[in-house]
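Each remark here refers to the structure printed beneath this line.
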């Protein structure tokens with residue numbers, strides 16, 4: 001009897017990540033669907049990390065020919081946490097990669113946002129924005145693609 005109970009407990013512990021796993025948020029399904037519909041040239045190359053224990057974060061790398069783009073979406077439990085992280089990550093980016101870039105903003109994209117572009121080039125910008133308790137980062141080969149990707153995500157956020 002004790003051996004069976006011990007075996008059962010081992011099974012529960014071994015599969016606890018499956019038992020405790022939460023459903024993927026509706027927002028992530030909507031984002032995946034909008035990219036399939038509106039960006040058919042961009043295929044999902046990889047989800048980062050391939051496995052995650054945090055169901056509130058999704059990172060996707062897309063590929064279209066020789067170009068790659070990525071999106072990161074994090075849903076925070078509290079809006080204050082999202083604001084604090086957005087501010088901290090923006091400052092950190094300003095002090096690292098952003099030192100060599102031009103920082104701007106995009107009208108109407110979330111509660112707060114930044115776009116960093118390379119000096120004298122529209123190649124490889126980074127867009128960070130926050131709406132409520134959701135933080136988003138988009139990295140793409142051109143400003144036009146980055147803005148389009150950010151807008152797709154923003155529209156899905158507004159729809160939930």
Estimated FRET transfer efficiency (residue 41, residue 97; beta-carbon r; R0 22 Å; 0.05): 0.25
So how do 107, 152 line up by other beta-carbon neighbours within 10 Å, fewest first? 107, 152
7 Å from Cα along Cα→Cβ at both residue 111 and residue 68: what's the point-to-point distance in nm? 3.3
How much length is gained if the chain between residue 155 and residue 23 is pulled fully straight, taking 0.36 nm per residue apart and subtracting their Cα-Cα distance, in nm to one decimal? 45.4 nm
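Values in this text are rule-based calculations from the coordinates and carry no lab data. Computed from a predicted model, the values in this text were never measured in an experiment. A quick note on method: Cβ atoms are made from the backbone with ideal geometry, for glycine too, and the neighbour counts reach across all protein chains shown.
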